[in-house]
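Attaching a single structure in structure tokens format; questions to follow.
The values are calculated or read from the model by the stated rules, or taken from the named source; none is laboratory data. As the structure is a prediction and not an experimental result, all values here were calculated from the model. Don't worry about glycine lacking a Cβ; one is built from the backbone with ideal geometry, like all the others, and counts go over all protein chains shown.
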Amino acid sequence: MNELRNYFEHNEKRLINKFDHYFDVYDRYFSQFKNKKITVVEIGVYQGGSLQMWRQYFGKEATIWGIDIDPRCKTLEEENTHILIGSQEDPQFLRSIIDQIGPIDVLIDDGGHTQNQQIVSFQELYQHMNPDGGIYLCEDVHTSYMNVYGGGHQRDNTFIEFSKLMVDQLNAHYSEQSSLAVDAITKTTNTIHFYDSIVVFEKKRMTPPSSKMTGAWSFTYDTSKKTFIEKLKFHFLVKLNKVLQSLKLKGIFINEILRLSSKG
Ligand SMILES: C[S@@+](CC[C@H](N)C(=O)[O-])C[C@H]1O[C@@H](n2cnc3c(N)ncnc32)[C@H](O)[C@@H]1O
């Protein structure tokens, strides 16, 4: 059985509040950090139970930080488990604590779950994650679909819509439009994984993509045999696709053979 689920199922210590399907996702990303000297941050302390679960799971070497708006949570501190009181939606507060915390290896956002809280926390803290494999996990993102949390299907400024924009950033090197340019997310993000209610961002120092060919040609493309009309057709389709792109209309498929053979 998954160690975290096992802990949760038999928990007799402080109260924990988690969805059952989260445990497999946690274990998939977090098991690499077990018994290492790492820094874990969880936004949302509640009754302190999840901090105790992380302690058991990550081991004694981990430094664990809880962040909560409720001042009563301060009393739940334990050895090498620190609790900071403030709002995850307050950039000034987050900036004021980051030096103390240092680079973060694992961040779990289980705080208030409103769109602005999740987005502000990401904007302030993602840049302070360990650039070599840090894991930022935002949970309960189903609130992106719930009106009471500021959500709604494809509503502007939900965490899910924000995360979809991050997918664009992941691919920004290929953009032909000024509206999408390489930025810090492009340069520092390896993967973004979407699950039921969870989005996981994995950090890595990225290098610009490089493509090359290896091996021998099986057959070649004789561009000299292409007629003037075929080349003209290709260039016309390229131009037409640019116009369609600017109007955000569906593109016209350019036959791959025509594309390859019209390069000359
Ligand atoms: C879902 S509970 C956390 C559950 C806990 N992580 C667990 O697994 O048992 C959410 C917590 O977020 C806190 N919270 C709500 N709004 C917040 C905010 N703006 N900043 C920080 N914490 C907030 C609440 O006080 C509450 O303790």
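Conditions (1) touching a helix residue (DSSP H, G or I) at 6+ places or on another chain (Cβ under 8 Å); (2) among the polar types (S, T, N, Q); (3) at pLDDT 95 or above, marked per residue:
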{"position": "7", "(1), (2), (3)": "yes, no, yes"}
{"position": "23", "(1), (2), (3)": "yes, no, yes"}
{"position": "47", "(1), (2), (3)": "yes, yes, yes"}
{"position": "57", "(1), (2), (3)": "yes, no, yes"}
{"position": "60", "(1), (2), (3)": "no, no, yes"}
{"position": "96", "(1), (2), (3)": "no, yes, yes"}
{"position": "100", "(1), (2), (3)": "no, yes, yes"}
{"position": "111", "(1), (2), (3)": "yes, no, yes"}
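What are the residue pairs meeting all of these: first residue in region 98-121, first residue free of Cβ contacts under 8 Å to residues at least 24 places away in the same chain and over 22 Å from residue 17 (Cβ atoms), second residue among the hydroxyl-bearing types (Ser, Thr, Tyr) and near the ligand (Cβ under 8 Å from one of its atoms), Cβ atoms under 9 Å, and 6 or more apart or on different chains?
none
Could you figure out which of (1) within 7 Å of the ligand (Cβ to nearest atom); (2) crowded, with 22+ Cβ neighbours inside 10 Å isn't true of residue 51?
It is condition (1) that residue 51 fails.
Additional query: Could you list, in sequence order, the residues of region 139-195 that are touching a His at 6+ places or on another chain (Cβ under 9 Å), closer than 18 Å to residue 129 by Cα and not acidic (Asp, Glu)?
The answer is 186, and nothing else.
Oh, and also: Pull up region 66-84, narrow it to residues that are among the β-branched types (Val, Ile, Thr) and crowded, with 16+ Cβ neighbours inside 10 Å, then point me to the one that is farthest from the ligand (Cβ to nearest atom).
So, considering only residues that are among the β-branched types (Val, Ile, Thr) and crowded, with 16+ Cβ neighbours inside 10 Å, the one farthest from the ligand (Cβ to nearest atom) is 81.
Would you confirm, using the coordinates I've provided, whether residue 46 is in contact (Cβ under 8 Å) with a residue 24 or more places away in the chain, within 23 Å of the chain's Cα centre (by Cα) and within 14 Å of the ligand (Cβ to nearest atom)?
Considered against the rule, which asks whether it is in contact (Cβ under 8 Å) with a residue 24 or more places away in the chain, within 23 Å of the chain's Cα centre (by Cα) and within 14 Å of the ligand (Cβ to nearest atom), residue 46 comes out as no.
Does any residue in region 30-43 that is farther than 14 Å from residue 61 by Cβ and in the same structural domain as residue 66 (by TED's automatic domain parsing) come within less than 8 Å, Cβ to Cβ, of a residue that is part of a loop (DSSP other than H, G, I, E, B) and within 14 Å of the ligand (Cβ to nearest atom) six or more places away or on a different chain, and which pairs are these?
These pairs meet every condition: 42/110; 43/88; 43/110; 43/111.
Another one. Being polar (S, T, N, Q) and away from the ligand (no atom under 13 Å from the Cβ) is the filter; apply it to region 93-119 and report the residue that is surrounded by the most Cβ atoms within 10 Å (Cβ to Cβ).
The qualifying residue surrounded by the most Cβ atoms within 10 Å (Cβ to Cβ) is 96.
Separate question: Looking at 119, 104, 83 in this structure, which one is among the β-branched types (Val, Ile, Thr) and either more than 18 Å from the chain's Cα centre (by Cα) or not assigned by TED's automatic domain parsing to the domain that holds residue 192 (or both)?
Of 119, 104, 83, the one residue that is among the β-branched types (Val, Ile, Thr) and either more than 18 Å from the chain's Cα centre (by Cα) or not assigned by TED's automatic domain parsing to the domain that holds residue 192 (or both) is 83.
Out of the residues in region 166-206 that are part of a helix (DSSP H, G or I) and under 12 Å from the mean Cα position of the chain (by Cα), state the one that is farthest from residue 242 (Cα to Cα).
188
Could you tell me how many of the residues in region 102-159 are farther than 24 Å from residue 92 by Cα, of a type in the set (S, T, N, Q) and out of contact with any Ser or Thr (no Cβ under 8 Å at 6 or more places or on another chain)?
Qualifying residue count for the region: 2.
Would you pick out the residues in region 25-43 that are within 16 Å of the ligand (Cβ to nearest atom) and farther than 19 Å from residue 113 by Cβ?
27, 30, 40
Going through region 147-189 one residue at a time, which ones are surrounded by fewer than 16 Cβ atoms within 10 Å (Cβ to Cβ) and in contact with a Gly (Cβ under 8 Å, 6 or more places away or on another chain)?
157
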